[in-house]
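Asks: Next up is a structure, given as structure tokens.
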Amino acid sequence: MARHGIGIDIGGTQLRAALVTAAGGIVERDRRPTPADDPTTLLDSLAHLIEALRVQAGEQLPVGIGMAGLVTAAGEVRYGPNIGVRDLPLAATLTERVGGHIVVANDASVAALGEQRAGAGAGVPDLVLVTLGTGVGGGLVVGGRLVTGVSGFAGEVGHVVVSEHGRPCPCGNRGCLEAYASGTAIGALARDRLVDPNVVTALRDHDHVGGKQVTAAAHAGDRIAREVLEEAGSWLGVAIASLVNVLDPNLILLGGGAAAAAEPWMLDAARRTMAAHLVGSAWRQPPGVELAVLGDDAGVVGAGLLALERDHTASGAPR
Ligand SMILES: [Zn+2]
């Protein structure tokens, strides 16, 4: 088995790449700007990153790529909102160009694998990662294996419906978790409260109230901002309870910038609400709901490990 995998995270603004060890350590990094809305330049940039890291390693290392959007098991990007691509056979096109073993998966899925192998979930076989940022994503590791589903779309925790006729979600449906717990949604929940002129809050000092303003106000002691984060956390707890009732995992991890910023209000509310909705709560210990620890590295670490583990051409047993 190759000593290292190349992990690449296609973000909205940056392509981050790293040489990742089998233990999930990073030994080398590279990055360049993400060419938005231009698949040809994107493929050029990815090919250059891969070739540079392979030259440095002196080996045809396997490559794993994580990106936001709907990615099939065959590595075809059905829809990638960050980079404005549709129906791009990313794994096949890149393999044709640079050769070797290349896998592509959803960014939150590979981040879940990274956290389970080398982060907050190390040593735990079953976990769910929920990523809270501009949107809400998620990934599942069950029995130590990344679950990507029949079509590659498993783990879309953000679109678990928590309220049937609820708030509109960017996906086109209503009442999805993303419409209540993303950074964007937290801003919207707060703006709804400002409609009542009797509500006293420092949030009125801002021209625009988004998730960042709400978390900053909560940390400065604003009661309304804290209530908004608790509300978002409660909806998160409702969604998590359903996942726990289905999967019974060891651990729930919350990643993404909005999760860390909204601690403790959002996390505490999520833990309470989840525990209240678990079946058999008198006979079980609820799973921990904790912050992920790899931060921005979760994607490259998970992608590099996925590449190593799915590299069937190597001598090691595939997992
Ligand atoms: Zn949705």
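FYI, it's all coordinate maths here, none of it is from the lab. Remember, predicted model here, so these are calculated numbers, not experimental data. Every residue, glycine among them, receives a Cβ derived from its backbone with ideal geometry; neighbour counts consider all protein chains shown.
Asks: In degrees between 0 and 90, to the nearest 10, how far off the longest principal axis of the chain does helix 223-247 point, with axes built from Cα atoms?
Replies: Tilt relative to the chain: about 50 degrees.
Asks: Enter the angle in degrees (range 0 to 90, nearest 10) between the Cα long axis of helix 39-57 and the first principal axis of the Cα atoms of the chain, meaning the one along which they spread out most.
Replies: 60
Asks: Here is a follow-up. Computed FRET efficiency, Cβ-Cβ of Arg78 and Asn173, R0 25 Å: what is it to the nearest 0.05?
Replies: On the way: r = 17 Å, r/R0 = 0.68.
Here the calculated transfer efficiency is 0.90.
Asks: Here is a further query. Relative contact order for the stretch 120-293: what percent, with Cα pairs under 8 Å and sequence separation of 6 or more? The partial results should precede the final answer.
Replies: Details: 327 pairs, mean separation 40.6, N = 174.
After rounding, I find 23 percent.
Asks: Over all distinct alpha-carbon pairs, what is the Kirkwood Rh of the stretch 120-293 in angstrom? Don't jump to the answer; show the numbers that get you there.
Replies: Values: mean 1/r = 0.0611 Å⁻¹.
The answer is 16.4 Å.
Asks: Taking only C-alpha pairs under 8 Å that are 6+ residues apart, what is the relative contact order of the chain in percent?
Replies: Details: 741 pairs, mean separation 68.8, N = 319.
For the chain, the relative contact order is 22 percent.
Asks: Alpha carbon centre of the stretch 77-121 versus the stretch 164-230: separation in Å?
Replies: A separation of 32 Å, based on Cα centres.
Asks: Need one number: nm distance between label points at His165 and Leu247, each 7 Å from Cα along Cα→Cβ, rounded to one decimal.
Replies: Each label point lies 7 Å from its Cα, and together they span 3.1 nm.
Asks: In Å and whole numbers, how far do the C-alpha atoms of the chain stretch along each principal axis, longest first?
Replies: The Cα atoms of the chain stretch 65, 49, 33 Å along the principal axes, largest first.
Asks: What does the highest-first list of 132-139, 81-88, 299-306 look like by mean Cβ count within 10 Å?
Replies: Working: 132-139: 26.5, 81-88: 15.9, 299-306: 31.4.
Descending mean neighbour count gives 299-306, 132-139, 81-88.
Asks: A follow-up question, please. So what's the gap between the Cα centers of the stretch 3-27 and the stretch 293-312, to the nearest angstrom?
Replies: Rounded to whole Å, the Cα centres lie 6 Å apart.
Asks: Another question about this same structure. Can you tell me the dipole magnitude for the stretch 233-319 around its Cα centre, using point charges on the Cβ only (Lys, Arg +1; Asp, Glu -1), in Debye to the nearest 20? Intermediate results must be reported in sequence, preceding the final value.
Replies: Numbers: 5 positive and 8 negative charges, 64 e Å.
The calculated dipole for the stretch 233-319 is roughly 300 debye.
Asks: Does anyone have the angle between helix 183-194 and the longest principal axis of the chain? Alpha-carbon axes, 0 to 90°, nearest 10?
Replies: Between helix and principal axis, roughly 10 degrees.
Asks: Using the Cα centre as the reference, give the magnitude of the dipole from point charges on the C-beta atoms of the chain (Lys, Arg: +1; Asp, Glu: -1; all else neutral), rounded to the nearest 20 debye. Kindly include the intermediate steps, with their values, before the conclusion.
Replies: Values: 24 positive and 33 negative charges, 62 e Å.
Taking the Cα centre of the chain as origin, the dipole is about 300 debye.
Asks: Also, quick follow-up: Count the DSSP beta bridges whose two residues both fall in the stretch 120-293, then state the antiparallel fraction as a percent rounded to the nearest 5.
Replies: Details: 11 of 20 bridges.
Around 55 percent antiparallel, to the nearest 5.
Asks: Convex hull volume of the Cα atoms in the stretch 1-43, per residue, in Å³?
Replies: Details: hull volume 3.1 nm³, N = 43.
Hull volume over Cα atoms, normalised by residue count, gives 71 Å³.
Asks: Okay, helix-only estimate at 222 nm for the chain: each DSSP H run of n ≥ 4 adds -39500 (n - 2.57), divide by all residues, round to 500 deg cm²/dmol; what do you get? The partial results should precede the final answer.
Replies: On the way: 10 runs with 119 residues, N = 319.
My calculation for the chain gives -11500 deg cm²/dmol from helical runs alone.
Asks: At 7 Å along the Cα-to-beta-carbon direction for both Asn198 and Asp87, put a label point, then send me their distance in nm to one decimal.
Replies: Reported label-point gap for Asn198 and Asp87 is 5.6 nm.
Asks: Can I ask one more? For Val293 and Ala122, calculate 0.36 nm times their separation in residues minus their Cα-Cα distance, and state this gained length in nm to one decimal.
Replies: Details: separation 171, 0.36 × 171 = 61.56 nm, distance 1.06 nm.
Roughly 60.5 nm would be gained on extension.
Asks: With unit charges on the beta carbons (Lys and Arg positive, Asp and Glu negative) and the dipole taken about the Cα centre of the stretch 1-110, which residue among Thr95, Leu61, Ser45 sits farthest to the positive side?
Replies: The residue sitting most towards the positive pole is Leu61.
Asks: Taking the dipole about the Cα centre of the chain, with the C-beta of Lys and Arg at +1 and of Asp and Glu at -1, give me whichever of Leu19, Thr34, Val77 is farthest to the positive side.
Replies: Result: Leu19, furthest along the dipole toward the positive end.
Asks: Can you sort Cys169, Cys176 from fewest to most other Cβ atoms within 10 Å of each residue's own Cβ?
Replies: On the way: Cys169 21, Cys176 29.
With the fewest neighbours first, Cys169, Cys176 line up as Cys169, Cys176.
Asks: Of Glu76, Glu309, how do they rank once you tally other Cβ atoms within 10 Å and put the fewest first?
Replies: On the way: Glu76 17, Glu309 23.
In increasing order of surrounding Cβ atoms, one gets Glu76, Glu309.
Asks: So for the stretch 200-317, averaging the separation of alpha carbon pairs under 8 Å that are six or more residues apart and normalising by length, what relative contact order in percent results? If you can, show how the numbers build up before the last one.
Replies: Details: 116 pairs, mean separation 29.5, N = 118.
After rounding, I find 25 percent.
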